[in-house]
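Q: Here it is, the structure in full.
Every read-out reported here was derived from the displayed coordinates using simple, explicitly stated rules and does not represent laboratory data. Please read these numbers as outputs of a predicted model, since none were measured by experiment.
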Amino acid sequence: MLRTPAHDTRLRILEWLKDPVAHFPHRRHTDLVADGVCAEAVAEKPGVHRSVARTHLTLLADLGMLRAERVRRRTYYRRDEARIAEVARLFEKGR
């Protein structure tokens, strides 16, 4: 699924969320590592509409690569390192 035309964007999102403090420094009202990053912040980074970012984030969350947590009106996303490692191993095995 990561080999679709938009895979580059999803891979960049995963990379940004690896170090959210470095990539989203203007989002200091939450703990970016513990709580995650909202779709709005992810959308601002590459300059895409929030719904586009949400689509990418939802797909990554559905794959289990991101953890999503709803806090009031926003959903915050952070990496699931165990699942990412598992998926990487599957790709290495050629499955």
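Q: Kindly express, to the nearest 10 degrees and within the range 0 to 90, the angle between helix 50-62's C-alpha long axis and the longest C-alpha principal axis of the chain.
A: 50 degrees
Q: Angle, helix 7-18 long axis vs. longest principal axis of the chain, Cα atoms, 0 to 90°, nearest 10?
A: 60 degrees
Q: Under the rule of at least 5 residues apart or a separate chain, name every residue whose amide H is placed under 5 Å from the amide H of residue 75.
A: Distant-sequence amide H within range of residue 75: 39.
Q: For residue 80, what residues show an amide H to amide H distance below 5 Å, using hydrogens built from the backbone and excluding near sequence neighbours?
A: Placed amide hydrogens put 66, 67 under 5 Å from residue 80.
Q: Further question: Using Cα-Cα distances under 8 Å and only pairs 6 or more residues apart, what relative contact order does the chain have, in percent?
A: Working: 87 pairs, mean separation 22.3, N = 95.
About 23 percent, as a whole number.
Q: With angles folded into 0 to 90 degrees, how steeply does helix 81-93 sit against the dominant principal axis of the chain? Use alpha carbons for both and round to 10.
A: Helix 81-93 sits at roughly 30 degrees to that axis.
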